[in-house]
Amino acid sequence: MNYKVKDISMAEAGRMKIEWAESKMPVLMSLREKYEKTKPLKGQRIAGCLHVTKETAVLVETLRAAGAEIAWSGCNPLSTQDDIAAALAKAGYSIFAWHGMNVEEFYWCIDRTLDFKPTLTLDDGADLIMSIHTKHKGLIKEMLGGTEETTTGVHRLRAMADDGALKYPVIAVNDAETKWDFDNVYGTGQSSIDGILRATSVLLAGKTFVVGGYGHCGRGCAMRAAGLGSNVIATEVKPTQALKATLEGHRIMKMDQAASVGDIFITATGMKDIIVKRHFEKMKDGAIVCNTGHYDCEINIDDLEALTKSKRTVRPNCEEYTLKNGKHIFLLAQGRLVNLAAAEGHPSEVMDMSFANQFLSQLRTVREGEKMENKVYGIPEEQDQEIASLKLSTMGISIDNLSKDQISYASDYLAGT
Ligand code: ADE
């Protein structure tokens with residue numbers, strides 16, 4: 001038995017959800033159909049560290065169909081869907097993941113996937129790569145390369161590469177347009193609102209909804225909260241992003257001002273200490289606070305605890321903190337990713353494109369890994385266009401083609417008025 005999951009008897013329920021996701025991930029499924037014949041990943045061992053969801057299961061089974069052996073762990077202590085982990089264990093995968101693990105168990109699970117001596121890694125947040133570069137350096141020589149899913153992980157890896165500390169090539173899947181421009185915006189927007197609603201069931205119409213950070217994820221949250229009738233305030237440190245938020249109809253202010261007027265707060269910055277003690281002190285009685293960034297450092301929970309007289313869990317994923325000043329603050333999902341901890345993560349339809357990019361990037365690493373340098377690579381434009389085109393055709397949408405005449409016009413610098 002090469003797995004550790006919460007309860008293997010949940011496998012059947014998990015399998016049903018995986019089939020549901022398959023029906024909404026036609027791009028990835030078409031890649032499965034294409035590559036299960038040629039098996040370009042045969043002989044490769046992939047260690048993955050990425051949220052164990054129904055969409056991830058479709059990716060895992062596609063990688064295996066293309067010939068790879070797989071060992072997997074989740075990339076967040078609260079994001080594993082236990083029925084999915086059980087279904088993967090039952091199908092014979094080496095999987096080490098359960099919902100509600102502690103930090104020590106989290107790294108124990110990563111270590112178990114590394115017992116399997118991978119040739120490729122697939123990360124979301126770079127914790128797996130980091131473990132290899134710190135605790136398991138002996139594995140580096142066998143490694144062809146890796147892929148990274150998320151903005152936070154790509155930042156960590158670029159910093160490592162700049163320092164000369166990255167010891168094998170990595171492809172930044174997050175940098176694909178068919179990833180960040182869809183998953184980060186529409187995926188995060190919908191799933192974060194989904195998490196807030198499952199945890200609280202509050203009415204969003206008429207609420208003041210504060211988004212910390214107006215990057216792609218923050219923008220998605222702002223857009224969807226506004227669509228449900230909230231008044232959105234965004235906070236920013238980057239002038240261009242603040243300007244975009246303003247021109248998209250949202251108010252911009254400092255968190256110091258927003259703290260006293262917000263009803264619901266969500267952080268989406270990738271930076272620590274977005275909400276700290278002085279903000280909690282100013283919040284209204286009943287304020288709801290959550291995070292959708294990769295790590296749980298955006299809301300300073302130690303500061304919240306220091307102000308707290310007592311706390312209790314009032315609903316799943318919703319803890320009520322009663323402060324010494326008598327006010328109540330509701331913290332969702334312990335300050336971890338609210339979209340994955342309190343809901344099911346991004347919908348299958350957007351993960352279809354993100355994971356098609358993951359899959360094609362793993363294939364590219366096998367083809368080109370030996371020639372690649374120890375740096376962070378982007379995604380080729382053709383891959384983005386291929387995925388977008390496949391996605392459109394599965395949606396029954398056709399688009400125009402440039403005529404020959406138009407193509408030559410595009411490069412004719414002499415043509416003017
Ligand atoms: N990240 C955000 N949503 C996700 C999902 N549904 N599956 C895997 N990773 C995710």
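The values are calculated or read from the model by the stated rules, or taken from the named source; none is laboratory data. No experiment lies behind these values; they were computed from the predicted model shown. All Cβ positions, even for glycine, are placed from backbone atoms using ideal geometry, and neighbour counts span all protein chains on display. Accessible surface areas use protein heavy atoms only, side chains included; no ligands, DNA or RNA. Shrake-Rupley method; radii C 1.70, N 1.55, O 1.52, S 1.80 Å.
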Antiparallel as a % of all DSSP beta bridges within the chain, to the nearest 5?
-> 20 percent
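Peptides 214-222, 136-144: what's the order by average Cβ count within 10 Å, highest mean first?
Working: 214-222: 26.1, 136-144: 14.1.
Descending packing order for the listed peptides: 214-222, 136-144.
In whole percent, what relative contact order does segment 188-341 give with Cα contacts below 8 Å and a gap of six or more residues?
Details: 344 pairs, mean separation 35.1, N = 154.
So the answer I get is 23 percent.
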Does the chain classify as rounded, prolate or oblate by the C-alpha gyration tensor (a ≥ b ≥ c root eigenvalues; a/c under 1.5 gives rounded; else a/b over b/c gives prolate, otherwise oblate)?
-> oblate
Could you give the size of the charge dipole of the chain about its Cα centre, using +1 on the Cβ of each K and R and -1 on the Cβ of each D and E, expressed in debye and rounded to the nearest 20?
-> 740 debye
Apply the Karplus parameterisation 6.51 cos²θ - 1.76 cosθ + 1.60, with θ equal to phi minus 60°, to every residue of segment 169-180 and state each ³J(HN,Hα) to the nearest whole Hz, in sequence, with x for glycine and proline.
-> x, 9, 9, 8, 4, 4, 7, 5, 4, 6, 9, 5
The chain, accessible area per residue, ligands and nucleic acids excluded (1.4 Å, Å²) | 44 Å²
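Where the only charges are on Cβ atoms (+1 Lys, Arg; -1 Asp, Glu), what is the dipole of segment 188-341 about its Cα centre, to the nearest 20 debye?
Numbers: 20 positive and 15 negative charges, 40 e Å.
In total the dipole reaches around 200 debye.
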To the nearest Å, what is the center-to-center distance of segment 1-44 and segment 285-355, using C-alpha atoms only?
-> 30 Å
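Around Glu149, what is the net charge, scoring Lys/Arg as +1 and Asp/Glu as -1 over all other residues with Cβ under 10 Å from its Cβ?
Working: positive: Lys179; negative: Asp123, Asp124, Glu148, Asp183.
Computed value for this residue: -3.
Among the DSSP beta bridges whose two residues both lie in segment 188-341, what percent are antiparallel, rounded to the nearest 5?
On the way: 11 of 31 bridges.
Counting DSSP beta bridges with both partners in segment 188-341, the antiparallel share is about 35 percent.
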Segment 396-405 - phi-based ³J(HN,Hα) in whole Hz, Karplus 6.51/-1.76/1.60, Gly and Pro as x = x, 10, 10, 10, 6, 10, 5, 6, 4, 4
Protection proxy ranking of 191-200, 32-41 - average other beta-carbon atoms within 10 Å, highest first | 191-200, 32-41
Say the dipole of segment 188-341 comes from +1 at the beta carbon of Lys and Arg and -1 at that of Asp and Glu; which of Cys297, Val202, Leu243 then lies farthest toward its positive end?
-> Val202
Formal net charge of residues neighbouring Phe96 (Cβ-Cβ distance under 12 Å; K, R +1; D, E -1) | 0
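What order do you get for 404-410, 300-306 when each peptide is scored by the mean count of other beta carbon atoms within 10 Å, highest first?
Highest-to-lowest ranking by the protection proxy: 300-306, 404-410.
What 222 nm value per residue comes from the helices of the chain, counting each DSSP H run with n ≥ 4 as -39,500 (n - 2.57) and dividing by all residues, nearest 500 deg cm²/dmol?
Values: 18 runs with 181 residues, N = 417.
For the chain, the value works out to -13000 deg cm²/dmol.
With contacts defined as alpha carbon pairs under 8 Å and 6 or more residues apart, what's the relative contact order of the chain in percent?
Across the chain, relative contact order equals 17 percent.
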